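Just so it is clear, none of the values below were taken in a lab; they were calculated from the coordinates. Small disclaimer: the values here were computed from a predicted structure and weren't measured. Cβ: placed from backbone, ideal geometry, glycine included. Neighbour counts: every protein chain shown.
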Amino acid sequence: MTSLIEQAAQRLEQLKQAGVDVGPAPAAPAAVATAPAVVPIAAAPAALRTAGEPMSKRVELDLEALSAQGFLTPNAPRTVMADQYRNIKRPLIRNAMNRGAASLKHANLIMVTSALPGEGKSFTSLNLAMSIAAEFDNTVMLVDADVARPSMLRMLGLPPGPGLLDVLEKEADMASVLLKTNVDKLTLLPSGRPHARATELLASDAMSALLDDMAQRYPDRIIIFDSPPLLLTTESRVLATHMGQIVIVVQAERTPQSAVQQAVAAIETCPLKMLLLNQASNKRSSGYGYGYGYGYGYGYGYGQADGSGDAPAASPERA
């Protein structure tokens, strides 16, 4: 493309040939730039960030409101519940970083689900993500994968917006739907706009490729998926086939043992499944039949040939 300087020189020459006195020619610069200067995106104002360079949005979480609702928040005083989540996250992080008893594919993809609704899976997902965000060596992404009944943005006091399903539909790219938060190491991925064929989208090659990329892009990132109940929808069973670890939240004194057994059987292909007892009392219970009678309970792994694999313990008291 002809530069402005070259165009001006050509015009001067035309005027000279026409007999017009244009005075002495200006001195040529020592070097003429033939391409526009590159402005770093980080330094460029918003007006210069074009559609070719999507930027993740930033949202402000009302941490005081979340704390008042019983959620963990950064810099909150040490509590029994915070210590419980420390116990829960530690083996999950070891497994995610392949420092556990067994090496797992997609070990940093952790699905939190339940057998039935109302057992506290979303509460657990958010608190687990908040607790992991406090780590020095890890970052965390919280994905609202309950595509039939998304609740994460509502719990956080944020408006609905595009997310996972929009990315799978190729109506948005990942960077444009991610929400960076004022919790330094916490990023959110909403479920996106409802879709009649959500199960097929989650089972698609596009989903497999997306999860492969998510699992491998950042070696320090742990990704928590808040997923639908296993016995009510098919989406969670499809999603489970891609996960490295699955945490099944069980509400104490409420969930039938048969429902837990059916939920575990529904995701038998996942190499590591764990139980987390929610709303357990601090006194010994009798005849409940889960294999752990105390309030803090203990999760245990399924599906490993040698029974190895770390599992979360302790259970927070929130539905």
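What are the radius of gyration and Dmax of segment 161-276, computed over its Cα atoms and given in Å?
So, for segment 161-276, Rg and Dmax equal 15.3, 44 Å respectively.
What residues qualify as long-range amide H neighbours of ILE222, i.e. H under 5 Å apart, gap of 5 or more or another chain, H built at 1.01 Å from N?
THR139, VAL140, MET141
Obtain the nm distance between the two label points defined at ASN182 and GLU13 by a simple spin-label model: each point lies 7 Å from its Cα along the Cα-to-C-beta direction.
Label at ASN182, label at GLU13, 6.2 nm between them.
With each pseudo-label sitting 7 Å past Cα toward Cβ, what's the SER151-MET97 distance in nm, one decimal?
Modelled inter-label distance: 3.1 nm.
Give the Debye-formula value of log10 I(q)/I(0) at each listed q (0.18 Å⁻¹), with one equal scatterer per alpha carbon of segment 57-278, two decimals each.
-1.47
About the Cα centre of segment 147-221, how large is the charge dipole given +1 on each Lys and Arg Cβ and -1 on each Asp and Glu Cβ? Please answer in debye to the nearest 20. Can you show the working numbers first?
Values: 9 positive and 10 negative charges, 73 e Å.
In debye, rounded to 20, segment 147-221 gives about 340.
In what sequence do TYR85, TYR218 fall when counting other Cβ within 10 Å, fewest first?
On the way: TYR85 23, TYR218 13.
So the ranking, lowest neighbour count to highest, is TYR218, TYR85.
Relative contact order for segment 57-278 using alpha-carbon pairs under 8 Å, separation at least 6, rounded to a whole percent?
About 29 percent, as a whole number.
Taking R0 as 35 Å, what's the FRET efficiency between SER56 and GLU268 from their Cβ-Cβ distance, rounded to 0.05? Can you show the working numbers first?
Values: r = 36 Å, r/R0 = 1.04.
After rounding to 0.05, the efficiency reads 0.45.
Among the listed pairs LYS57/LYS89; LYS105/LYS273; LYS121/LYS185; LYS89/LYS180; LYS121/LYS273; LYS121/LYS180, give every one whose C-alpha distance is greater than 25 Å.
Values: LYS57/LYS89 27 Å; LYS105/LYS273 14 Å; LYS121/LYS185 21 Å; LYS89/LYS180 22 Å; LYS121/LYS273 15 Å; LYS121/LYS180 22 Å.
With Cα atoms farther than 25 Å apart: LYS57/LYS89.
Taking 0.36 nm per intervening residue step and subtracting the Cα-Cα distance, what contour gain separates THR241 from TYR218 on full extension? All intermediate terms of the calculation are to be shown ahead of the outcome.
Values: separation 23, 0.36 × 23 = 8.28 nm, distance 2.11 nm.
Length gained between THR241 and TYR218: 6.2 nm.
What is the extension gain from LEU210 to GLN257, computed as 0.36 nm multiplied by their sequence separation minus the C-alpha to C-alpha distance, in nm to one decimal? If you can, show how the numbers build up before the last one.
Details: separation 47, 0.36 × 47 = 16.92 nm, distance 3.49 nm.
So the chain would gain 13.4 nm between LEU210 and GLN257.
Hey, got the dipole for segment 57-278? About the Cα centre, +1 on K and R Cβ, -1 on D and E Cβ, debye to the nearest 20?
Numbers: 22 positive and 23 negative charges, 88 e Å.
The calculated dipole for segment 57-278 is roughly 420 debye.
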